[in-house]
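Data block below; observations after.
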Amino acid sequence: MSLASRDHEIIWHPYTQMQTAALPIGIVRGEGSLLYAEDGAVYLDAVSSWWVTIHGHSHPYIAEKVAQQIKELDHVLFAGFTHRPAVELAERLLSILPHNQKRIFYSDNGSTAVEVALKMAIQFWENRGTPKRRIIAFRDSYHGDTFGAMSVSSRSAFTQPFVQYLFEVEFLDVPVPGKEQLVLSQIQEILKKGDVAAFIFEPLLLGTAGMVMYEPAILDDLLEICQQSNIITIADEVMTGFGRTGKNFATEFLKNQPDILCLSKGLTGGVMALGVTSSTAAIYEAFLSDNPAKTFFHGHSFTANPIACATALASLDLFTDVICQENRLRISQQHAQFRSKLSNHPTIKECRQLGTVLAIEFNTGETSYFNNVRQKLYQFALDNNVILRPLGNIIYVMPPYCTTNEQLAQIYGVVTGMLTLIAEN
């Protein structure tokens with residue numbers, strides 16, 4: 001009996017309508033940018049398996065470091081105890097994060113990193129004796145699937161069943177080119193209401209919204225307004241962190257830096273679940289008190305798991321190596337060359353690129369996650385042994401950094417084939 005058949009009897013998959021979905025593809029091995037299926041098929045992972053596998057699958061260096069760590073220390077509670085991987089990872093991260101970041105708080109994934117950030121921001125004002133409740137976010141944003149993260153995400157089909165349980169948020173339009181002044185006026189109107197605790201944002205690139213991109217200058221303006229108005233700023237770099245935008249972190253494009261920063265996904269190279277929320281010294285110091293009620297009461301059973309931290313350290317070794325930097329530049333250049341070939345194509349509404357992220361929005365009716373063309377594009381890619389997971393009528397390419405030029409050409413060939421597929425339908 002195949003993995004897919006056994007799975008179908010007992011497992012409930014994420015973001016999947018189980019009644020109509022095809023059987024899942026059983027994967028038995030991964031190497032580099034390739035995934036090997038139980039039926040012998042080989043797939044090119046063009047989306048880094050949900051944007052996490054930045055160095056490719058089953059990297060031998062990371063595997064070696066994981067094996068070493070599991071023989072030394074598997075886990076220890078992180079309240080009242082510490083260990084070498086957690087300390088070294090915090091030191092390494094603070095050395096490459098924006099200079100205003102001074103403290104590292106560990107959690108389990110991107111959603112929990114966001115939850116931590118929101119709770120830090122809200123309790124900061126509570127601890128200071130000036131409670132504030134209002135949160136600002138971008139209208140089409142996505143910050144995760146836990147309740148706090150959903151609250152600051154776009155209201156959509158994803159959140160509709162839970163709307164009555166989500167806290168109220170003030171939403172700004174995404175400041176895409178041409179909307180900058182509108183968004184500046186929107187935030188000024190919100191500020192007139194007062195009581196604003198924090199502004200959370202995906203810097204320069206909104207992933208689930210369809211790889212929507214905007215310029216650093218307008219984000220700098222928004223951050224400056226927040227800083228002048230004494231509002232905590234939270235950068236959700238869960239997706240954009242670790243090189244995706246062309247710099248180590250998207251916030252490196254900015255003059256004004258956030259107070260709190262959220263990380264996950266590429267943090268461990270996609271090998272282990274781990275989340276990080278970093279903060280400035282000022283945020284941290286608001287929780288220092290003789291009053292135990294001002295403690296930050298948040299934690300997870302697997303907080304700062306030593307194996308996960310060791311994995312992140314190994315991933316950082318690879319990430320900061322010159323070879324990784326060269327590969328990121330090479331992929332960005334290859335994307336730019338392919339993008340130029342697609343200019344003015346009648347089937348394409350817009351083609352966008354930021355660093356190693358390439359997004360193609362097809363001219364197939366309303367831009368929506370539920371656009372009917374999605375399944376056709378997804379299946380076409382699979383039939384051609386490439387994993388591309390469309391966001392409705394938007395295809396994006398976000399490959400592992402080890403992806404070769406020949407493999408990129410294979411991906412681009414599939415995208416080109418999609419143009420014919422859409423034109424014929």
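The values are calculated or read from the model by the stated rules, or taken from the named source; none is laboratory data. Please read all numbers here as calculations on a predicted model, not as lab measurements. Reconstructed Cβ throughout: ideal geometry from the backbone, glycine too, with neighbour counts over all protein chains shown. The area values use the complete protein model at the heavy-atom level, side chains included, leaving out ligands, DNA and RNA. Shrake-Rupley method; radii C 1.70, N 1.55, O 1.52, S 1.80 Å.
The set of residues from segment 70-80 being among the acidic types (Asp, Glu) and either assigned to a loop (DSSP other than H, G, I, E, B) or modelled with pLDDT under 95 (or both) comprises just one member, ASP74.
Tell me which strands (runs of 3 or more DSSP E) are completely within segment 81-196 and hold 2 or more residues being within 28 Å of ALA273 (Cα to Cα), or say none if there are none.
Here the list reads 103-107, 134-138.
For every residue, the table says whether it meets (1) in contact with an Asp or Glu (Cβ under 7 Å, 6 or more places away or on another chain); (2) part of a helix (DSSP H, G or I); (3) modelled with pLDDT of 95 or more; (4) loosely packed, with under 14 Cβ neighbours inside 10 Å.
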| position | (1), (2), (3), (4) |
| --- | --- |
| PHE302 | yes, no, yes, no |
| ALA314 | no, yes, yes, no |
| CYS324 | no, yes, yes, no |
| HIS335 | no, yes, yes, no |
| ASN344 | no, no, no, yes |
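Among the residues making up segment 39-58, those that are part of a loop (DSSP other than H, G, I, E, B) and either on the phi < 0 side of the Ramachandran plot or more than 25 Å from the chain's Cα centre (by Cα) (or both) are ASP39, GLY40, ALA41, ALA46, VAL47, VAL52, THR53, ILE54, HIS55. Taking the criterion of being open to solvent by 30 Å² or more (accessible area, probe 1.4 Å) and either acidic (Asp, Glu) or outside any helix (DSSP H, G or I) (or both), the residues of segment 214-230 that qualify are GLU215, ASP221, GLU224, SER229, ASN230.
Conditions tested, residue by residue: (1) of a type in the set (S, T, N, Q); (2) more than 19 Å from LYS265 (Cβ to Cβ); (3) open to solvent by less than 20 Å² (accessible area, probe 1.4 Å).
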residue: LYS349; (1), (2), (3): no, yes, no
residue: SER368; (1), (2), (3): yes, yes, no
residue: ASN372; (1), (2), (3): yes, yes, no
residue: LEU382; (1), (2), (3): no, yes, no
residue: ASN393; (1), (2), (3): yes, yes, yes
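Of all the criteria given as (1) assigned to a strand (DSSP E or B); (2) open to solvent by less than 70 Å² (accessible area, probe 1.4 Å); (3) in contact with a Leu (Cβ under 9 Å, 6 or more places away or on another chain), the one not satisfied by TYR36 is (3).
A quick yes/no check of all residues on (1) closer than 30 Å to PHE370 by Cβ; (2) among the hydrophobic types (A, V, I, L, M, F, W, C):
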| residue | (1), (2) |
| --- | --- |
| GLU38 | no, no |
| ALA63 | no, yes |
| GLU72 | no, no |
| ALA79 | no, yes |
| ARG92 | no, no |
| ASP108 | yes, no |
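Rundown of residues vs (1) of a type in the set (Lys, Arg); (2) out of contact with any helix residue (DSSP H, G or I) (no Cβ under 9 Å at 6 or more places or on another chain); (3) assigned to a loop (DSSP other than H, G, I, E, B), yes/no style:
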position: ILE360; (1), (2), (3): no, no, no
position: GLU366; (1), (2), (3): no, yes, yes
position: ARG374; (1), (2), (3): yes, yes, no
position: PHE380; (1), (2), (3): no, no, no
position: ILE395; (1), (2), (3): no, no, no
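Being in a helix (DSSP H, G or I), exposed (fewer than 15 other Cβ atoms within 10 Å of the Cβ) and among the small types (Gly, Ala, Ser) narrows it down to one residue among ALA4, ALA67; which is it? Exactly one of ALA4, ALA67 is in a helix (DSSP H, G or I), exposed (fewer than 15 other Cβ atoms within 10 Å of the Cβ) and among the small types (Gly, Ala, Ser), namely ALA67. Close Cβ contacts (under 7 Å, 6 or more residues apart or on different chains) running from residues in segment 165-182 that are at pLDDT 95 or above and acidic (Asp, Glu) to residues that are open to solvent by 20 Å² or more (accessible area, probe 1.4 Å) and not in a loop (DSSP other than H, G, I, E, B) comprise GLU170/ARG134; ASP173/LEU182; ASP173/GLN186.
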